[in-house]
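> Quick one: the structure is below, questions incoming.
The values are calculated or read from the model by the stated rules, or taken from the named source; none is laboratory data. Quantities reported herein were computed from a predicted structural model and do not represent experimental measurements. Cβ placement follows ideal geometry from the backbone for every residue including glycine, while neighbour counts extend to all protein chains displayed.
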Amino acid sequence: MIALLASCLVERDPDPARILVVWSPEAETAARRAGHLVDLRSQYLVDLADTVMADSGVTASVELAGAEVLVEPEPQLVPRELLALARQRLADPESELATLRARHRADVVVWIVDTDTAPSGVAQLLDGRSASDPFDAVAVVQWDAPELVFPHELFHVYGADHSWLQQVAEDELVEGYAHGWTAPGVLAHTIMADASECTWAGAPLSACDVVPRLSNPAVLAWGEPLGDVRTAYNACVVQQRARYVSRLYELATGEDRWDASLAPSCPVVLGPGRDLAGTICLAERADWTGCTDLRGTVRVEDPERVRGVERVTGDLLLSGPGVSSLSALSALRSVGGTLTLRDTALVDLAGLEQLERVGGLVIESNPALVGLSALRVAEVPGSLLLVGNAGLRHLDGPVGIERAGVLWVTRHPELEDLAALRGLRGVSGGLAIWGNPRLVDCALPELDDEVRQAVVLFDNGEGCVP
Ligand SMILES: [Zn+2]
């Protein structure tokens, strides 16, 4: 395995790619006011990109070709429009940008700007498999963007792309392996991936750390490989395109000519990271056999269809009389969106014992349901709605829910107590208990006073006070 991985990274490039950092006069003024010296700042950002490459197992390198402040004022445009403008100007030998590039013989130009509109960086993703236009080797970065935005945009120029799942969903697959990596197990993502995928694990975005690395299955963080060779091997694409990127100036001027050997591709071999085939699947697919991760929203009337699934990134809806047991869900650990059980024949929730995280939970109109005791989830960040379960007598559970976004317990003719909610401490978006005529014990001893004041209670049994 090590030999195969090494073979992907064997393409050495002794010639660093030369990066010209140009500042709009507005960005320079703003950065100077914030205490930055543009030369030092430019050097720092290019060095940072170089360090990320080295730490990610890439042997090629980048260097600062020069740091310049433009005379031309920055047009009032959003970053994408600025990128298009930069490409135009680089193709025009009379323009200031093209003149500066020629003076420094720069392969890639990064334009530092002062716009405060999203995104904070944007770059042209080079194809690299054919003779792409070398004038496209440009990125636009806001002067006060987080530091890793600079290397992120620069590596787009090498063909490194965002996460595989995101691109598949958007139908924009570039190279199978050229993607960032998200490791839900350790709540981290590499610099090309998108933190939003950490919600796979049901975690809030803020809990997901960025690791300053390109995805590479041979590099570990917290004991997990930071990639896999099929889908998440940014280090490989950066390595393989390094010769091409380091010749972009020569290609632009005609001093050098494109040939296909400038862009060899990485071998696709089985790696030690997650094996894509059969484990991570799009929910739109018809057959989920062998899938452990389903991306997207899943609706089923037969729980057997999701047997073995551990994670659903979107919503999971089970409904209909065919849903009489959840034992097929015994591997399920997280639902990124809302888990809904509606109009089922369920008597209990046995089978959900492994469920650790859920974005929201809706249990509605399940007439045979008598309790929730298998539920171990302690927190529901979105809505927790218990609605119209005609036979539900007890809200019992061994652990109990501590926090929820919105919580509703409503229209339960048989419900007598809220035992499962006794550990409830906080509800951020509103708590309503109504239409439960036999509910006499509404004690919620742990609840924050502020929430207690705001609880909506009516049409419950006598003595129902939180
Ligand atoms: Zn990007």
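> Limited to the stretch 93-125, what total is found for residues that are in a loop (DSSP other than H, G, I, E, B), within 33 Å of the chain's Cα centre (by Cα) and either modelled with pLDDT of 90 or more or within 16 Å of the ligand (Cβ to nearest atom) (or both)?
So the count comes out to 10.
> Condition first: assigned to a loop (DSSP other than H, G, I, E, B), of a type outside the set (S, T, N, Q) and surrounded by fewer than 22 Cβ atoms within 10 Å (Cβ to Cβ). Now tell me which residues in the stretch 58-72 satisfy that. If you could, list the steps in order and put the result at the bottom.
Restricting attention to the stretch 58-72, the residues satisfying the condition of being assigned to a loop (DSSP other than H, G, I, E, B) are 58-61, 70-72.
Going one step further and asking which of them are of a type outside the set (S, T, N, Q), we end up with 58, 60, 70-72.
Once the filter is applied, which keeps residues that are assigned to a loop (DSSP other than H, G, I, E, B), of a type outside the set (S, T, N, Q) and surrounded by fewer than 22 Cβ atoms within 10 Å (Cβ to Cβ), the stretch 58-72 yields 70, 71, 72.
> Can you find a residue that is closer than 30 Å to residue 447 by Cα and either part of a strand (DSSP E or B) or among the aliphatic types (A, V, I, L, M) (or both) anywhere in the stretch 293-316?
Looking for residues that are closer than 30 Å to residue 447 by Cα and either part of a strand (DSSP E or B) or among the aliphatic types (A, V, I, L, M) (or both), one finds at least one in the stretch 293-316, hence yes.
> Being touching a helix residue (DSSP H, G or I) at 6+ places or on another chain (Cβ under 8 Å), more than 15 Å from the ligand (Cβ to nearest atom), modelled with pLDDT of 60 or more and small (Gly, Ala, Ser), is that true of even one residue in the stretch 197-214?
yes
> Got a number for residues in the stretch 223-240 being among the hydroxyl-bearing types (Ser, Thr, Tyr) and farther than 22 Å from residue 62 by Cα?
Total satisfying the criteria: 1.
> Among the residues of the stretch 73-81, is there at least one that is buried (at least 24 other Cβ atoms within 10 Å of the Cβ) and either modelled with pLDDT of 95 or more or away from the ligand (no atom under 16 Å from the Cβ) (or both)?
no
> Ok, one more. Answer yes or no: is there a residue in the stretch 323-335 that is on the phi < 0 side of the Ramachandran plot, in a strand (DSSP E or B) and buried (at least 18 other Cβ atoms within 10 Å of the Cβ).
Among the residues of the stretch 323-335, at least one is on the phi < 0 side of the Ramachandran plot, in a strand (DSSP E or B) and buried (at least 18 other Cβ atoms within 10 Å of the Cβ), which makes the answer yes.
> Within the stretch 402-417, is even one residue out of contact with any Gly (no Cβ under 6 Å at 6 or more places or on another chain) and within 18 Å of residue 319 (Cβ to Cβ)?
Checked against the condition, which is being out of contact with any Gly (no Cβ under 6 Å at 6 or more places or on another chain) and within 18 Å of residue 319 (Cβ to Cβ), the stretch 402-417 yields no hits at all.
> Go through the residues of the stretch 128-144 one by one and say whether even a single one is crowded, with 24+ Cβ neighbours inside 10 Å, away from the ligand (no atom under 15 Å from the Cβ) and modelled with pLDDT of 85 or more.
For the stretch 128-144, residues crowded, with 24+ Cβ neighbours inside 10 Å, away from the ligand (no atom under 15 Å from the Cβ) and modelled with pLDDT of 85 or more: present.
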